[in-house]
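Every number here is computed from the coordinates shown, using simple stated rules; none is lab data. Owing to the predicted nature of the structure, the values given are computational and were not obtained by experimental measurement. When we count neighbours, we look across all protein chains shown, and the Cβ atoms used for this are built from the backbone with ideal geometry, even at glycine.
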Amino acid sequence: MSFTSPSNGTFVISNAKSGTALDLKQDGIIIGYKKHGGENQQWEVQQTGSGKWTFRNKRGGKYLAIEGGQAGDNKQIIGQDQPYEWFMNVDQHIASKGFRIYADPCFNLDLDNGSDQDGTRVSVWGQWTEQQGTAPHQSWQFTQA
């Protein structure tokens, strides 16, 4: 897979460990699911004036968000009507190159255990430290849709 740096545009966002894509289910829950390129896996990525990012699903128009709006360990990721702003930077810790997508203060978008099973839960967890090692389950890659 080639490394793509996101800019304003439409992307499939996949986990660096599993290769599965962020997928908006009909019930509004975000899961990891094998890539198939459907609109429920396509995300319109926009950088805001404040330097943060929004991710809007192409099928339903829902924004990638944290359930309840506040970051904390093990909080479910959902699609919601209102924009939710995320931070994003290059993940320097993995060879395959990817991006950390995180909420203030440093709660990373996380594919549970980096599982490649369809339907895997996506949540936020505190950022792994150098001592914990690499965290490809918290790193995401962008492919132009």
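Hey, what did the range 9-144 get for relative contact order, percent, Cα under 8 Å, at least 6 apart? It rounds to 29 percent for the range 9-144. Computed over neighbours whose Cβ is under 12 Å from that of Asn108, the net charge equals -2, Lys and Arg +1, Asp and Glu -1.
Extent along the principal axes, Cα only, for the range 53-126: 35, 27, 24 Å, with the longest axis given first. An ellipsoid equivalent to the range 9-144, defined through the eigenvalues of its Cα gyration tensor, has semi-axes of 20, 17, 15 Å when rounded to whole angstrom and sorted largest first.
Using the Cβ-Cβ distance between Ser50 and Asp27 with R0 = 25 Å, the FRET efficiency computed as 1/(1 + (r/R0)^6) comes to roughly 0.25.
Dividing the Cα radius of gyration of the range 20-80 by its Kirkwood radius returns 0.97 for Rg/Rh. The simple spin-label model puts a point 7 Å past each Cα toward its Cβ; for Glu39 and Asp116 those points are separated by 3.0 nm.
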